[in-house]
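To start, the structure itself, in C-alpha cells.
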C-alpha cells in the first residue's frame, strides 16, 4: 500500500489541481468501475479517507485530457507554448553504458505516454562519450520518483536504483538517476539549450 496516498496529501501539496468535491466525484466514478487505483483506507488519524495510487494519479486528475496527443515537436526555448505548462521536476539519467540516443528517448516517451506527463528532453554525450538524457517534467517530484522507478523496473529491467535528490558530484557513490525540483523552469531550459559545450544551438524535444 506504499503507493497509495490520501487525497488530503495530494491536495495539500498541489499535486492534483482539483477541488476536493471534484476529486471525490472522479474517484467515485472509477471506483464504481472496479478500478483498484482508488481505495478507501484509514488515514493517519484513523479516519476513513480516499487514497489514490501514485502511479495512476492521472485517472482522477483532470489536468490530463483523455485521448491526448503524444506528438513530438521541437520548439525554440522562447516559444510561447513553453509558458502554458508548469514544469516542476528535472530528471537526469546516465547509465554510463553504450546506450544509443533511441534508448534514452524511449524512456522519455514511456514517461509521457504511460503516465500522461507533459515534458521536454534533450539527449547529450558526457565527457567520456556516453549518451545521457535531461528531462523537464510537469509531474510532481514525489509522484515522478515512484513512476520512474516502476518504469525502469518493468520496462527496462533495472532493480533498486538509488534515486539521488542531491547533485551527483556531491555524492560519494554514483547514481544513474538524479531527480530534483525545478525552481525556475525558464532558467533550466536555457541551461539545457546551451549544451555540454556551452556553445548553444540545442533544441529541446517536447512531448505533450
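Scanning for something in contact with a helix residue (DSSP H, G or I) (Cβ under 8 Å, 6 or more places away or on another chain) and buried (at least 22 other Cβ atoms within 10 Å of the Cβ), does the range 93-100 turn up at least one residue?
Scanning the range 93-100 turns up at least one residue that is in contact with a helix residue (DSSP H, G or I) (Cβ under 8 Å, 6 or more places away or on another chain) and buried (at least 22 other Cβ atoms within 10 Å of the Cβ).
Please state which of the following conditions residue 45 fails to meet, knowing it meets all the rest: (1) more than 19 Å from the chain's Cα centre (by Cα); (2) surrounded by 15 or more Cβ atoms within 10 Å (Cβ to Cβ).
Going through (1) more than 19 Å from the chain's Cα centre (by Cα); (2) surrounded by 15 or more Cβ atoms within 10 Å (Cβ to Cβ) one by one, residue 45 breaks only (2).
Scan the range 118-132 residue by residue and report those that are part of a strand (DSSP E or B) and either in contact (Cβ under 8 Å) with a residue 24 or more places away in the chain or not assigned by TED's automatic domain parsing to the domain that holds residue 195 (or both).
119, 120, 121, 122, 124, 125, 131, 132
When you scan the range 22-33, do you find a residue that is modelled with pLDDT under 90 and within 25 Å of residue 158 (Cα to Cα), even just one?
no
The values are calculated or read from the model by the stated rules, or taken from the named source; none is laboratory data. What you see is a predicted model, and the numbers here were worked out from it, not measured in a lab. Using ideal geometry, Cβ is built from the backbone for each residue, glycine included, and neighbour counts are taken over all protein chains shown.
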